[in-house]
Amino acid sequence: MNGILNWILWLPIIGMVGVLLTPKAKDNVVRMVTLVTTAITLILTVVLYMNFDTAEPGIQFAFKVPWIAQFHINYSLGIDGITLPMTFLNALLFFICTLSSWTVDKNVKGYFALLLMLQSTVFGVFFSLDFFLFYVYWEVMLLPMFFLIGVWGGENREYAAIKFFLYTFFGSIFMLVGIVALYYATGKSEDSFNIIALQGGRFTELTLDIFGSTVSFEKLFFWFMFLGFAVKVPVFPFHTWLPHAHVQAPTAVSVILAGVLLKMGTYGFLRIAFPIFPAAAVEYSTIIAVLGLISVIYGAFCAMAQDDVKKLVAYSSVSHMGFVMLGLSAMTIQGMNGAVLQMFNHGTSTAMMFLLIGILYERSHHRWIVKPDGSKGFGGLYTTLPKYSVVFIIGMFASLGLPGLSGFISEALIFLGIYQRFTTITVIAVVGLLIGAAYLLWMFKRMFFGEVNPECEEYEDMNAREIFYMVPLCICVVVFGIFPSPLLNVMKASVGQLVDLLAKFS
């Protein structure tokens, strides 16, 4: 089974080559090649899950070969209980996004080739155990995202694509400096780029002379890594690229952006920043908690102010990822399990919301709850689109955190985890939940209830293809809301190991 990660990682690239070799006029063949590729990848991740040892906290399915031997750079892959939920989520969402993109008719080959390339790079970030390899995948991921937004996006797509690229690249520069510093701090040894070997607090006592002052190596480069990952999450105040990217991106790209790419930031904290610099992580946990709280409240208030339903859901992502940061700052078993679970659950519920907005956009060609001229954008949709409305209710209540749906479990675990350490922050964060319920229910009331907007009478309800790709997400938010053990059992050993490491520096 050691080669299964290679198959999952490289199968999308093989599919991309197949797409590029397909004759230009054969758009349906391109779609089918992409669908088959993502379907096989999803099946392989299920096989991976079935063969995963939940009792083992360390790396499993490891694969390592030398890459640039003179600098001790290796092609090194592996996963643990934190990686596996993200791996499954990535495979599931790309399969669903392929189906949701069936109606894309602009440069079909280019679109699906970039989509497959993007899937492979995201897998690369999650699988990489070599820091250099991790950084390569982290940066290469920008290319397909940049073009998917810049070519297939909305009116201001170029501005959104450039802003996304510059913000993420800005954070990546700090990460690169941190990687170089770690290379020299380890004496350019065999483990200089080995993410697992660098963990454990090796640099706690190390100091540097900068501008005539002695500074702690660990504290300085913790913040370098923090910046690299915080931009991606995005943590306030590095969030301003996100609403623009979401609003301008095509539906499938918005789903991938919210469902998986934001999680790369929080995954970076769990895999790199916290375990490599544990003392600094513990010392600055209060700052992380405060930034998470600001993201929760600020994102919720911004969402409430939106008349564009897609922008509303984009700001809700800022708020929900703030809860993940709160769970990480707790550094307790409950809090960090809740954070990892929230990463998965937010991926499914927000994917539902963006897909549903995309379905509606295909019929209406706008996303306004209230149009700029003050007239109603949507109204009475529950009457004209009953199937669509039922699925929308499931996605909305999962995002809201209704008991019995997936969002509730993860948020409850986060609050259980942070209450003892940050009681005041916990109490204030509950206000964010209340505001979240307010803006989602207000949005639903304006769009689905009341008098039917004459424009909405012409809209068709969900077709068989749309129902087919929404069903897996509906199952995820319901099943993992009632029975989260399949996810919690996978992550508990790896999360427990990280919490034990952080506890040594508390």
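Between Val390 and Phe169, what FRET efficiency follows from the Cβ-Cβ distance if R0 is 41 Å, with the result rounded to 0.05?
Efficiency, from the Cβ-Cβ distance: 0.45.
Cut-off is 10 Å between beta-carbons; in what order do Ile435, Ile173, Ile256, Ile59 appear when sorted fewest neighbours first?
Ile173, Ile59, Ile435, Ile256
If you average the sequence gap of Cα pairs under 8 Å that are 6 or more apart and divide by the length of region 78-140, what percent do you get for the contact order? Don't skip to the end; give the middle numbers.
On the way: 29 pairs, mean separation 27.1, N = 63.
Averaging sequence separation for qualifying contacts and normalising by length gives 43 percent for region 78-140.
Quick one: which of 452-460, 92-100 comes out on top by average Cβ neighbours within 10 Å, and what's the full order, highest first?
92-100, 452-460
Run the simple label-point estimate for Gln420 and Ala464 please: 7 Å along Cα→C-beta, distance reported in nm.
5.5
Taking the number of other C-beta atoms within 10 Å as the exposure measure, put Asp105, Asp307 in order starting with the fewest.
Asp105, Asp307
Relative contact order for the chain: what percent, with Cα pairs under 8 Å and sequence separation of 6 or more?
Relative contact order here is 16 percent.
Testing the spin-label approximation: label points 7 Å from Cα along Cα→Cβ at Glu362 and Asn6. State their distance in nm.
The answer from the label model is 3.8 nm.
Give me the number: length gained by fully extending Val478 to Glu283, i.e. 0.36 nm times residue separation minus the C-alpha to C-alpha distance, one decimal in nm. Write down the numbers at each step before the final one.
Details: separation 195, 0.36 × 195 = 70.20 nm, distance 3.78 nm.
Residue separation times 0.36 nm, minus the Cα-Cα distance, leaves 66.4 nm.
Pairs to check: Lys219/Lys263; Lys163/Lys188; Lys64/Lys492. Give those whose C-alpha atoms are more than 29 Å from each other in this structure. Mind dumping the intermediate values first?
Working: Lys219/Lys263 24 Å; Lys163/Lys188 35 Å; Lys64/Lys492 25 Å.
Flagged as over cut-off: Lys163/Lys188.
With the contact rule set at Cα under 8 Å and sequence spacing of 6 or more, what percent relative contact order holds for region 284-506? Kindly include the intermediate steps, with their values, before the conclusion.
Values: 338 pairs, mean separation 62.2, N = 223.
It rounds to 28 percent for region 284-506.
Please name which of Thr286, Ala181, Phe203 has its Cα lying farthest along the dipole of region 143-296 towards the positive end, using unit charges on Cβ (Lys, Arg +1; Asp, Glu -1) and the Cα centre as origin.
Sorting the options by dipole projection puts first Thr286.
So if R0 is 22 Å, what FRET efficiency would Lys445 and Ala412 give, r being the distance between their Cβ atoms, rounded to the nearest 0.05?
The computed FRET efficiency comes out at 0.25.
Could you order peptides 142-151, 109-118, 46-55 by the average number of other Cβ atoms within 10 Å of their residues, highest first?
With the highest mean Cβ count within 10 Å placed first, the list reads 109-118, 142-151, 46-55.
Dipole size in debye (nearest 20) for the chain around its Cα centre, Lys and Arg Cβ +1, Asp and Glu Cβ -1?
It works out to roughly 220 debye.
Given Gly3, Ala55, Val17, which one lies farthest toward the positive end of the charge dipole of region 1-140, if we put +1 on the Cβ of every Lys and Arg and -1 on the Cβ of every Asp and Glu?
Farthest along the dipole direction, towards plus: Val17.
Rounded to the nearest 500, what is the chain's calculated 222 nm mean residue ellipticity when only DSSP H runs of at least 4 contribute -39500 (n - 2.57) each, over all residues?
Helices in the chain give a 222 nm mean residue ellipticity of -22500 deg cm²/dmol.
Of the listed peptides 422-432, 295-305, what is their order by residue-averaged count of other C-beta atoms within 10 Å, with the highest listed first?
Output ranking for 422-432, 295-305: 295-305, 422-432.
Among (1) 25.5; (2) 26.7; (3) 23.0, only one was calculated for this model; which label is it, if the read-out is Kirkwood radius over Cα pairs in Å?
So the calculated entry is the one marked (3).
Towards the positive end of the charge dipole of the chain, with charges on Cβ (+1 Lys, Arg; -1 Asp, Glu), say which of Ala39, Gly496, Pro484 has the farthest Cα.
Ala39
Any read-out appearing in this document is the output of simple, stated calculations on the displayed coordinates, not a laboratory observation. None of these values were measured; they are calculated from a predicted model. Here Cβ is always computed from backbone atoms with ideal geometry, including for glycine, and neighbour counts include all displayed protein chains.
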